[in-house]
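Below you'll find the structure, written out as structure tokens, and then a few comments.
Readers should treat all values here as calculations from the given coordinates under stated rules, not as data from a laboratory. Because the structure is predicted, anything quoted here is derived from the model rather than measured. For neighbour counting, all protein chains shown are included, and Cβ atoms are generated from backbone atoms with ideal geometry for every residue, glycine included.
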Amino acid sequence: MNTLDVVHDFLRRQVKPGAFCIDATAGKGRDTALLCRLAGTEGRVLAFDVQQDAIDQTRALLKAEGLQAEVVLDSHANMAQYAAPESVDCIVFNFGRLPGGDPKIFTTAASSLPAIDAGLALLRPGGVMALAIYYGKGNGYDEKNAILAHLKSLNDRMFTVLACDWLNRKHDPPLPIFIWKE
Ligand SMILES: C[S@@+](CC[C@H](N)C(=O)[O-])C[C@H]1O[C@@H](n2cnc3c(N)ncnc32)[C@H](O)[C@@H]1O
């Protein structure tokens, strides 16, 4: 069991056919592909990444699996330009860097916090957000600490935030976090 398993179990439970979903960090496309399968042909999936390599890998995975999504080369901080407020059922963030990609490109609090806020505004009431926070090693702790502090400050009448931790695992495993919008 790891963070990807936990997040994907959550997505399988939450995302229904016809859903509008956003993958805020497309990477190798694994989350995008799952969202496409869950939302089905009646649904819509938007995926963002700032790295052309990730866009190419995501498009290739979707093609190989016969799935369709709008895969956009842009920062997730700009996601409000692509969807109407309170129209999205589910948003996924998988922070960190692209495995095997350019090590100089990784998510940072400077764009992650505005992107989370943009995503929360796009969620419809009853919509959900799943986040996997990578930290330690090359990423350091700044982004993790900034995200956790920011999520703690969200209005509890508008959002429910569940942050999970792997208490007996070593080497800073990523943290799964789930948000429900009232
Ligand atoms: C850990 S990977 C994502 C893994 C992916 N969800 C998957 O299923 O393979 C993190 C990705 O975030 C991307 N990224 C970094 N900054 C970003 C930003 N501001 N907007 C969108 N994507 C960003 C990186 O290029 C990288 O591909």
Margin query: I need the fraction of alpha carbon pairs in region 3-177 separated by more than 21 Å, rounded to a whole percent.
Written below: 45 percent
Next item on the list: Provide TYR134, TYR141 in ascending order of the number of other Cβ atoms located within 10 Å of each residue's Cβ, fewest first.
Entry: TYR141, TYR134
Item checked: Built amide H within the under 5 Å cut-off of PHE106, gap 5+ -> none
Checklist line | Partner lysines for LYS181 [C-alpha distance under 20 Å; skip if fewer than 8 residues away on the same chain] | finding: LYS16, LYS152
Check: Can you give the calculated 222 nm mean residue ellipticity of the chain, where each DSSP H run of n ≥ 4 adds -39,500 (n - 2.57) and the sum is split over every residue, rounded to the nearest 500 deg cm²/dmol?
Finding: -10000 deg cm²/dmol
Margin query: Looking at the chain as a GNM with Cα springs under 10 Å, which of GLY101, GLY127, GLY66 has the largest mean-square fluctuation?
Written below: GLY66
Check: All other residues with a Cβ under 13 Å from the Cβ of ASP49 taken together, and with Lys, Arg as +1 and Asp, Glu as -1, what is their net charge?
Finding: -3
Next item on the list: Distance between Cα centroids, region 6-53 to region 121-165: provide it in whole Å.
Entry: 18 Å
Checklist line | Ranked HIS171, HIS150, HIS76, criterion: other C-beta atoms within 10 Å, fewest first | finding: HIS171, HIS150, HIS76
Note to self: Can you list residues from other chains, or at least 5 along the same chain, whose modelled amide H is less than 5 Å from the amide H of LEU67?
What the structure shows: none
Next item on the list: For LEU167 and SER75, compute 0.36 nm times the residue count separating them, minus their Cα-Cα distance, and round to one decimal in nm.
Entry: 29.9 nm
